[in-house]
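Each remark here refers to the structure printed beneath this line.
Read the figures in this text as sums done on the coordinates, not as results from a lab. Given the structure is predicted, the values throughout are model-derived calculations rather than measurements. Because the Cβ atoms are built from the backbone with ideal geometry, glycine has one as well, and the counts that use them run over all protein chains shown.
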Amino acid sequence: MNTDATNTAQSAPKATKTAKAGSSTPTRDFAIRYGFLLLVLAIVVYFSVMADGFASPQSAVFILQSVSITGILALGVTATLVAGGFDLSIGSVATTAMMASSYVMVVMNGDALSATLVCLAIGILIGLINGFLIVYMRVPDLLATLGMMFLLLGLQRIPTEGRSIATGMTMPDGTVASGTFSPSFLALGRYRFDFIIPNLVPASVVVLVVLAIVIWFFLEYTRFGRMMYAVGSNERAASLAGAPVKGYKILAYVISAIFASIGGILLAARLGRGDIASGNNLLLDAVAAALTGFAVLGAAKPNAFGTAIGALFVGILLQGLTMMNAPYYTQDFVKGVVLVFALVFTFALSGRNRR
């Protein structure tokens, strides 16, 4: 009799824990997986009702255009987050690529292919430098990429003494830039494909979708992607398992810089000039999209699909606020509130990272 009582007493705490864990599991799991997507749907419905024209195809085009470049940069940030790092230089890398492509075509009379290859080479070089500083010089990632950000912000202004690049501009030496943007280059940022209705999907959105699929497949279904997750999760364990940790971390920063360069190319193609101030908000919007992706489908980790949805969400939010005539100085505040809410909601419900 006493033995039975003892066994019952020992099993009671386990039963209680099981009951507590299972009592609200279906509701909690549903909220974690689909809560953010329901929030996105609710915001779309709200703006559709409150803002005239928000649900129109023209509004969709503006959203897709704003999402494309931000999303591409955010995918690069995701790669560094997966490897346990962070890249603050993506905005300045994108602006540098935009200025470089403009300089090659307008000042040096180059063609679209030359401009594109130069920008990609710049991205690879910057990614390698960032990776070298972080991996071999042991500079913290935030400090290394912050230093690179300021370096690039100054470097991109030197050739033109801080002026934007456009056809017919006067250079510091007194010469006139007579080159023009190639029509094929401008098509990267301005051409629209027919989808249901004519001229709906910008070419830059197609580039975003392709890159998102590529990085998603790379991270989720290749050995290299899984090893990058392992490095970001536990660098020491990955090293002990024989993984080339340093190589994977450098690869993450190279991917980030290449994606930022592609974003800069598309930005130059859309604007048709090298606008020195056009990339000011790229970093914040890209980081917001990448971090918001943690809340998509309850992933609670960096992932390409969540980042793409996060970029779309940022675009929807900004377009809706703009169409409702919200003051521009409130938009960053609203983005911050939504981002904090989404992350707290996800991590608090899932109980991830608790010790």
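Quick one: helix 141-155 against the long Cα principal axis of the chain, what's the angle to the nearest 10°, folded into 0 to 90? The angle comes out near 10 degrees. Comparing D87, D275, D173 in a Gaussian network model of the chain, where Cα atoms under 10 Å apart are tied by springs, the biggest mean-square fluctuation is seen for D173. In terms of surrounding Cβ atoms within a 10 Å radius of their Cβ, D141, D29 rank from fewest to most as D29, D141. As a proxy for reagent exposure, ranking I276, I215 by other Cβ atoms within 10 Å from fewest up yields I276, I215.
Take the Cα of F132, go 7 Å toward its beta carbon, and the backbone nitrogen atoms of the stretch 224-246 under 17 Å from that spot belong to 246.
What is the gain in length, in nm to one decimal, between F193 and L143 on full extension, counting 0.36 nm per residue of separation less the C-alpha to C-alpha distance? Display every interim value, and only then the final one.
Working: separation 50, 0.36 × 50 = 18.00 nm, distance 4.15 nm.
Roughly 13.9 nm would be gained on extension.
Shown is the FRET efficiency for D29 and L240, computed with R0 = 25 Å from the Cβ-Cβ distance and rounded to the nearest 0.05: 0.15.
Going by how many other Cβ atoms sit within 10 Å of their own, how do I262, I43 line up, fewest first?
Values: I262 26, I43 15.
Lowest to highest Cβ neighbour count: I43, I262.
Answer rounded, prolate or oblate for the stretch 32-350, using the Cα gyration tensor with square roots of eigenvalues a ≥ b ≥ c: rounded when a/c is under 1.5, else prolate when a/b is larger than b/c, else oblate.
Working: a/c = 1.80, a/b = 1.09, b/c = 1.64.
It comes out oblate by the Cα gyration axes.
The phi torsions of the stretch 52-57, fed into the Karplus equation with coefficients 6.51, -1.76 and 1.60 and a -60° offset, translate into couplings of 5, x, 5, 7, 7, x Hz, rounded to whole numbers, with Gly and Pro shown as x. Each of T78, A60, A326 was placed along the dipole of the chain (beta-carbon charges, centred on the mean Cα), and the one lying farthest toward the positive end is T78.
Work out how much length V340 to F217 would gain on full extension: take 0.36 nm times their residue separation and subtract the Cα-Cα distance, in nm to one decimal. All intermediate terms of the calculation are to be shown ahead of the outcome.
On the way: separation 123, 0.36 × 123 = 44.28 nm, distance 2.81 nm.
Contour length minus the Cα-Cα distance gives 41.5 nm.
Think of each Lys and Arg Cβ as +1 and each Asp and Glu Cβ as -1; about the Cα centre, that makes the dipole of the chain roughly 1080 debye.
If you take every residue apart from Q65 with its C-beta less than 11 Å away from the C-beta of Q65, what net charge results, scoring Lys and Arg +1 and Asp and Glu -1?
+3
For the chain, how many pairs of lysine residues have a Cα-Cα distance under 28 Å, where the two are 8 or more positions apart or belong to different chains? Spell out each step's value before the answer.
On the way: K17/K301; K20/K301; K246/K301; K249/K301; K301/K335.
For the chain, qualifying lysine pairs total 5.
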